[in-house]
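What follows is one structure encoded as structure tokens, with my remarks underneath.
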Amino acid sequence: MSEDAADATRTVMAFLKAMETLDYDRAVMLVADDCEYTNPPPIGTVTGPAGIRAVLQPFFAPTLENEFRVLRAAQSGAVVFTERLDRHKLADRWVELPVTGVFEVRDRQITYWRDYFNAATILSQWPAG
């Protein structure tokens with residue numbers, strides 16, 4: 001694995017670890033100002049650290065604990081693919097969501113992040129609010 005690929009993978013794993021603990025300050029330090037983050041509808045696309053935080057922080061508000069299990073990871077240069085099982089502990093249960101993520105990294109910052117999952121799987125289990 002080239003140093004660039006190793007850096008890209010380390011950056012993505014560090015980002016996921018920070019998000020797992022809901023350490024938004026640490027997580028967004030790994031995101032470029034022009035990063036494009038896309039989720040399936042109805043969530044859509046946002047840009048940059050502030051956009052990512054604006055989507056994720058309120059969404060994860062009812063979460064008591066998170067676990068992002070990376071089942072498989074692969075990279076090609078600056079592109080990192082992850083197959084994950086995102087687990088979220090709510091007040092009364094754990095919610096699990098299979099996710100595939102695609103990340104692009106430049107200069108140890110995420111410049112592109114797109115997650116693929118069935119939105120109905122998570123939204124049907126998530127508290128309204």
Is it the case, given these coordinates, that Ser76 is under 18 Å from Ala6 (Cα atoms) and either of a type in the set (Ser, Thr, Tyr) or out of contact with any helix residue (DSSP H, G or I) (no Cβ under 6 Å at 6 or more places or on another chain) (or both)?
yes
Can you name the condition, by its number, that Ala6 falls short on among (1) in a loop (DSSP other than H, G, I, E, B); (2) free of Cβ contacts under 8 Å to residues at least 12 places away in the same chain; (3) of a type in the set (A, V, I, L, M, F, W, C)?
(1)
What is the residue count in the range 60-80 for residues that are free of Cβ contacts under 8 Å to residues at least 60 places away in the same chain and under 21 Å from Thr21 (Cα atoms)?
11
Restricting attention to the range 46-65, which residues are at pLDDT 95 or above and among the polar types (S, T, N, Q)?
Thr47
Quick one: is Tyr112 touching a residue at least 12 places away in the same chain (Cβ under 8 Å), aromatic (Phe, Trp, Tyr) and buried (at least 16 other Cβ atoms within 10 Å of the Cβ)?
yes
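How many residues are out of contact with any Lys or Arg (no Cβ under 7 Å at 6 or more places or on another chain) and assigned to a strand (DSSP E or B) if we restrict to the range 96-112?
Residues flagged as out of contact with any Lys or Arg (no Cβ under 7 Å at 6 or more places or on another chain) and assigned to a strand (DSSP E or B) within the range 96-112 amount to 11.
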Looking for whichever is more than 13 Å from Thr9 (Cα to Cα), touching a helix residue (DSSP H, G or I) at 6+ places or on another chain (Cβ under 9 Å) and of a type in the set (Asp, Glu) here; the options are Glu96, Glu104. Which one fits?
Glu96
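Given the residues Gly51, Gly77, Gly101, Gly44, which is the only one that is surrounded by 15 or more Cβ atoms within 10 Å (Cβ to Cβ) and more than 11 Å from the chain's Cα centre (by Cα)?
Gly51
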Scan (1) within 24 Å of Trp126 (Cβ to Cβ); (2) touching a residue at least 24 places away in the same chain (Cβ under 8 Å); (3) out of contact with any strand residue (DSSP E or B) (no Cβ under 7 Å at 6 or more places or on another chain) for the single condition Asp92 breaks and write down its number.
(2)
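The values are calculated or read from the model by the stated rules, or taken from the named source; none is laboratory data. Nothing here was measured: the structure is a model prediction, and the numbers come from that model. Cβ sites come from the backbone with ideal geometry, for glycine too, and all protein chains shown count toward neighbours.
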